[in-house]
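Taken together, the values in this text are just the output of simple stated rules run on the coordinates, not laboratory data. Computed from a predicted model, the values in this text were never measured in an experiment. Neighbour counts run over all protein chains shown; Cβ positions are idealised from the backbone, glycine included.
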Amino acid sequence: MGGKAEVRVPGRAITAVGPADGPFDVILLCTQPPQVEDAARSVVDRLASDGTMLVLQNGLCEQRVARIVGAERVIGAVVAWGGSMVEPGVYDRTSDGGFVIGRYDGQDDPRLAQIAALLEPIGPVQITRNLAGARWSKLAINCAISTLGTIGGDRLGPLMRLMWARRLGLEIVTEVVAVAHAEGVQLEKVVGAVDLDWLALTDVERRATLGSPTLFLKHSLMLGVGARYRNLRSSMLQAIERGRTPAVGFLNGEIVERGLRHGIPTPRNAAAVAWVHAIAAGERKPSVESLRALFDATRTPSA
C-alpha cells in the first residue's frame with residue numbers, strides 16, 4: 001500500500017448475485033464512470049427500501065444514479081487517494097488519503113455515520129453537507145490530472161515537472177471553476193487544502209506566461225500536487241489499454257456540455273476530450289509528445 005504496508009482483508013467473493021441474495025442496506029458502486037448507470041440498474045431491485053447506493057466514481061455520477069434509484073437513496077464519496085490495478089484483484093495504493101462523503105442535495109442522513117464506519121479502515125472519513133462543492137473541486141483536479149496523464153502516457157510526477165504541462169493544467173482548471181460558479185456551486189478545498197477559486201487563472205495571468213508572483217505560486221502548487229501524487233497513473237489510460245471506453249465524457253466532457261449550457265467557452269477541455277478519443281481510437285499515441293501537441297494546439301486565438 002503505497003510502499004508502506006501490505007493490507008490483506010479476508011472475505012468471500014461472489015461472481016454473481018443470486019435470486020436469494022439481498023436486500024442490501026448498502027451497495028458500493030465501484031465501476032468506472034461509463035459503467036455506473038448500468039451497474040446501478042442491474043442491482044436496484046436488490047437494494048433495501050431504506051438502503052443506499054454509495055457512488056465512488058469521479059465526475060458527477062450521483063445525479064445519474066439518483067435518476068435510477070432516487071436522490072434519497074444515493075450517497076456520494078469523494079476519494080482522496082490514488083491507486084492502480086496491478087492485475088485483477090490486486091491493487092497498488094499510490095498515495096495516502098481518505099474520503100469525503102455526503103448527499104449531493106446537502107441533506108443530513110443517519111446512514112452517513114454507518115457508511116463512514118465502513119470506510120474508516122481504508123482512510124479517514126469526513127462527512128460534509130457540501131458534497132457538490134467537494135465533488136466539483138475533485139472534478140477540476142481530475143479534468144487536469146487524469147486527462148493530461150492519459151494523453152501524456154506517464155505518471156503524474158514527471159508530467160508536472162514540465163512547465164507547459166502545468167500551464168495547460170491550470171487553464172483546464174480555470175474553465176472548470178468558471179462552469180462551477182455558473183452552476184451555483186461553492187467549491188471546497190481539496191488535495192491538501194488546495195483552494196480552486198484561488199488556483200484558477202485571473203484575466204491578467206491568462207495573458208501572461210512568466211513574471212507574475214501569483215502565477216509562480218500557482219505553478220509551485222501544481223508541482224506540489226505532482227510530487228504528492230507522483231506515482232499516480234491515470235485510471236482512464238488503464239481503461240483504454242484494456243479496451244474500455246474512457247471516462248473523459250464524464251470529466252472534461254461534462255464541463256464542455258455544461259459550459260455550452262451557460263454560454264461559457266471551454267476550449268481546453270473540449271480539445272482534451274478530442275485528444276483522449278483519438279487515443280482510444282488508435283489515432284494518437286499517449287506520450288509526452290502528444291501532450292505537447294495538445295498544448296501547442298490550444299495556443300491559437302480560437303482556443
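Span-like helix criteria (full DSSP H runs; alpha carbon extent of at least 18 Å along the helix axis; mean Kyte-Doolittle hydropathy of at least 0.5) are satisfied in the chain by 131-152, 163-182, 213-228, 267-280.
Each label point was placed 7 Å from the Cα along the Cα-to-Cβ direction; for GLU72 and GLU87 their separation is 4.7 nm. The length gained on full extension between ALA16 and GLN63, counted as 0.36 nm times the residue separation minus their Cα-Cα distance, comes to 14.3 nm. Could you point to the residue in GLY18, HIS219, GLY263 farthest towards the positive end of the chain's charge dipole, with +1 and -1 charges on the Cβ of Lys/Arg and Asp/Glu respectively? The one lying farthest along the dipole's positive direction is HIS219.
Taking the charge dipole of region 24-129 about its Cα centre, with +1 at Lys and Arg Cβ atoms and -1 at Asp and Glu Cβ atoms, the residue from CYS30, TYR91, LEU60 reaching farthest to the positive side is LEU60.
Evaluated with a Cβ-only charge set (Lys, Arg +1; Asp, Glu -1), the chain carries a dipole of roughly 800 debye about its Cα centre, given to the nearest 20. Which one, VAL276, SER234, ALA297, is farthest towards the positive end of the dipole of region 207-303 when Lys and Arg carry +1 and Asp and Glu -1 on their Cβ? The residue sitting most towards the positive pole is SER234. Taking every alpha-carbon pair under 8 Å whose residues sit at least 6 apart, region 133-297 reaches a relative contact order of 36 percent.
Normalising the average separation of contacting C-alpha pairs (under 8 angstrom, six or more residues apart) by the number of residues puts the relative contact order of region 185-273 at 14 percent.
The translational diffusion coefficient of region 24-129, from Stokes-Einstein at 25 °C and 0.890 mPa s with a Kirkwood hydrodynamic radius over alpha carbon pairs, comes to 173 µm²/s.
Using a Förster distance of 51 angstrom, determine the FRET efficiency expected from the C-beta separation of GLN107 and ALA293, and round it to 0.05. Rounded to the nearest 0.05, the efficiency is 0.65. Peptides 113-123, 90-100 ordered by packing proxy, namely the average of other Cβ atoms within 10 Å per residue, highest first: 90-100, 113-123.
Measuring nothing but how far apart in sequence close Cα pairs (under 8 Å, 6+ apart) lie, relative to its length, the chain scores a relative contact order of 17 percent. Between amide H atoms placed 1.01 Å from N, distances below 5 Å from ARG284 occur with ILE279, all of them 5 or more places distant or on a separate chain.
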